[in-house]
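The values are calculated or read from the model by the stated rules, or taken from the named source; none is laboratory data. On a predicted model such as this, the values are computed, not experimentally measured, just so you know. Cβ: placed from backbone, ideal geometry, glycine included. Neighbour counts: every protein chain shown. Side chains included, ligands, DNA and RNA excluded: accessible areas come from the protein's heavy atoms. Shrake-Rupley method; radii C 1.70, N 1.55, O 1.52, S 1.80 Å.
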Amino acid sequence: MEEVDIRHADGTIIPTLISAQRTIVDDVSFDVEVLLDVSARVRHQHEIELALRGSARTDALSGLPNRACFDEVIAGHVERMHESEKLLVLAFNGFKAINDTMGHAAGDEVLRTIASRLRESFRTNDFIARIGGDEFVVLLEVDPAHLNDVEPTLIEAMDRIFKPIAIEGAVVELGAAVGVTMLQPDDDVTSFVKRADG
């Protein structure tokens, strides 16, 4: 069998498997070709590949992009921003993990709550990721005319994100450490992230 893409009259491409066989009937030779439309199988396989790729780039607990995804995205942002008029701001934040005092279930609930609050506090085009443990990052593309709005916006967002959380009948205070930096002309990904995490 051979895989062959056939173009339909309407222009769509149909993936097929073709099997060719020579048959002789009454001393007359015939070529018999069997075409099998496998577009549903190919589509299903593509969906599985996309789902696997997505799960490999997503933090299972928070539903946010993970470290591997962050590494790809920030590299692209840094490369593009050096040629853009916009500014790139990285907010790197973490809070004191509570697994040791209240257990992993409570710690997981805190992480999910923080992830949800991050999504609610930033624009849909801002990139938010959980890059490990209690560490989250937010990448913001900022128009230079709105640079003065960044600090108050981040302070307001952090106040909402890290406000106390009620878990298992107790109120958990979150001690957050937040680092914010702006991409500099001579930055690469490593120096940019290191400065925000410093």
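General remarks:
- Criterion (of a type outside the set (S, T, Y) and either open to solvent by less than 100 Å² (accessible area, probe 1.4 Å) or under 32 Å from the mean Cα position of the chain (by Cα) (or both)) met by exactly one of R7, R41: R41
- Candidates A166, A105, A91, A177: the one that is among the aliphatic types (A, V, I, L, M) and in a helix (DSSP H, G or I) is A105.
- Test: A196 is of a type in the set (A, V, I, L, M, F, W, C), touching a Gly at 6+ places or on another chain (Cβ under 6 Å) and not in a loop (DSSP other than H, G, I, E, B): yes
- Among the numbered conditions (1) of a type outside the set (A, V, I, L, M); (2) without any contact (Cβ under 8 Å) to a residue 24 or more places away in the chain; (3) surrounded by fewer than 15 Cβ atoms within 10 Å (Cβ to Cβ), the only one that G63 does not meet is (2).
- Answer residue from the stretch 154-166, given it is surrounded by 17 or more Cβ atoms within 10 Å (Cβ to Cβ) and of a type outside the set (G, A, S) and is farthest from A60 (Cα to Cα) among those: L154
- Some residue of the stretch 108-122 being assigned to a loop (DSSP other than H, G, I, E, B) and at pLDDT below 90: no
- Checking R160, R130 one by one, the residue that is more than 19 Å from L88 (Cα to Cα), touching a Ser or Thr at 6+ places or on another chain (Cβ under 8 Å) and of a type in the set (K, R) is R160 and no other.
- When the stretch 132-141 is filtered for residues that are at pLDDT below 90 and buried (at least 19 other Cβ atoms within 10 Å of the Cβ), only D134 remains.
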